[in-house]
Structures are given as structure tokens and as C-alpha cells.
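Quick notes on the structure that follows.
None of the figures in this text is laboratory data; all of them are computed from the coordinates on show. Values in this document were obtained by computation on a predicted structure and should not be read as measured data. A quick note on method: Cβ atoms are made from the backbone with ideal geometry, for glycine too, and the neighbour counts reach across all protein chains shown.
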Amino acid sequence: MTRWYDRIAHDLKGPLAPLQTASYLLKSEGLPPERQRELADVVDRQARRLNRMIEELGDYARASEHRLRLRIEPCPLALVLDLAIGSVPGSAIDPRYDAGLDSVAVAGDEGRLVQLFASLIAHLQARAPGQTPELRVTAADGRVRVELLGAGPSPDAETLTAMFERADPAPHDEGLGLRLMLAYAIAQMHGGSLAAHAPDGGGLMFVCELPLAPG
């Protein structure tokens, strides 16, 4: 755990060096307007990055202690998935629904569910750039099952086991690598489940099950 804290502290320092450098240079006299804009962009970009890291860490801390605030209500699953797909740059997934499931609703917090599926999609796309993951929706026994299959090499058994238990050592979004751990916690807090599998044909599959909304 100490090593994990060390890594978090190290990663949080990442944006500070360019922030400090840009802030120092902005105080220089006679800077051309173009150079001022470049440095201002550096400050803005790194401040946003630092904010994402802090939000990610805060969300994970609250989720690990079941303190995330959830507004549970019927959420159209198709809308949740469309919002998640649209929030991931470059994503062009075309979901496949079993008969009638494109109009079902799940019981959950729309924003957190979008966050969950966006994290899974972004992870799969980062593993296999240029390859579009497949998404299929099925249902049984009052639960909906969302399968996300990405290309690329299959993780080994140890990696699969630890995928939701430890931070990603090379996060794709310049974050802290907690996105999958947070996605797992969100699924659990919705009374659902999230698992990772290595299909026989290769790649990585995420399977998320969530309760259907009553009625």
C-alpha cells in the first residue's frame, strides 16, 4: 500500500512542473502575444489534468467506502450507452441489442453508469488503437448483461485477476490509473457486477450485469 501511495504522490506532481514553468515564464516582460497564448494553454491543460486526477482519486476514495452519492432512478440503457460512447474520443461503437432490449431501463444513477461504461470503452480502445470494440446487450432473470469485446492480445490470468484490484500502471488518459477500479465499485454499488475475461479468440471482454428497473 505504501508503494501505491508513493506512486499516487509522484503522479500528482506530474502536472506541477509544466505549471510552474509556464507561470514563471508568463511573468517575463516583453513576451509576444503568441507566446503568452501558448503558455496560457499549458497552464489550462495541466490544470485540467490535475483536476481530473484529484476528481478520480476523490471518487475512488468515496466509492471504496461506499460513500458515492447515487441518484437511483430508471435509466434508459440505450441512452446511457450512447452517452458513454459519445464521451470517448474516436469511439464509433454500434451497439447490438437482443430483441426488445434497446428500450429497456436499468435502475441506476445515469451519470455514474455513463462513467462506468466510458471507462471500459476507453480502456479497450487504448489497448488496440484503431480497432472498434464490439458491444452486445442481452438480458435474463431481471438483469441486463452488457458485453464489451476489444481486440489486442489477451491478458494473462494474473492481470485479469488484478484488473479491478490495483491501479493501471500505464493509464491511457494521463490519470491515476484508477478508472477500472472505480468502474468496478460503481457496478457493485448498483447491485450489479463487473468481470473481465480472456476469450478463446483473443482480446479482452468486459461483462457488466445490472438490475433492470422495476415495471
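In nm, what is the difference between 0.36 nm times the number of residues separating residue 61 and residue 140 and their Cα-Cα distance?
Numbers: separation 79, 0.36 × 79 = 28.44 nm, distance 3.25 nm.
Net length gain for the segment: 25.2 nm.
Between residue 31 and residue 6, take the C-beta separation as r, use R0 = 45 Å, and let me know the FRET efficiency to the nearest 0.05. It comes to 0.75. In a reduced charge model with +1 at each Lys and Arg Cβ and -1 at each Asp and Glu Cβ, segment 73-211 shows a dipole moment near 40 debye about its Cα centre. Take every DSSP beta bridge whose two residues both sit in the chain; close to 95 percent of them are antiparallel. Is the shape of the chain rounded, prolate or oblate, going by the alpha carbon gyration tensor and its root eigenvalues a ≥ b ≥ c, with a/c under 1.5 for rounded and a/b larger than b/c for prolate? Note, shape of the chain comes out prolate. Only one residue of 66, 120, 79 has its Cα farthest out toward the positive end of the dipole of the chain, where Lys and Arg carry +1 and Asp and Glu -1 on Cβ, and that residue is 66.
Across the chain, Cα pairs under 8 Å and at least six residues apart give a relative contact order of 20 percent.
In a simple Cβ point-charge model (Lys, Arg +1; Asp, Glu -1; nothing else charged), segment 76-142 has a dipole of about 260 debye relative to its Cα centre.
Could you rank the peptides 189-197, 33-41 by their average count of other C-beta atoms within 10 Å per residue, with the highest value first? Working shown, then result.
Values: 189-197: 17.8, 33-41: 11.9.
Ranking, from highest mean packing down: 189-197, 33-41.
Using a Förster distance of 30 Å, how high is the FRET efficiency between residue 98 and residue 126, based on the Cβ-Cβ distance and rounded to 0.05?
Numbers: r = 28 Å, r/R0 = 0.93.
In this case the efficiency is close to 0.60.
Which of 161, 132, 21 ends up with the largest GNM mean-square fluctuation for the chain, with Cα atoms connected below 10 Å? Among 161, 132, 21, the largest mean-square fluctuation in the Gaussian network model of the chain belongs to 21.
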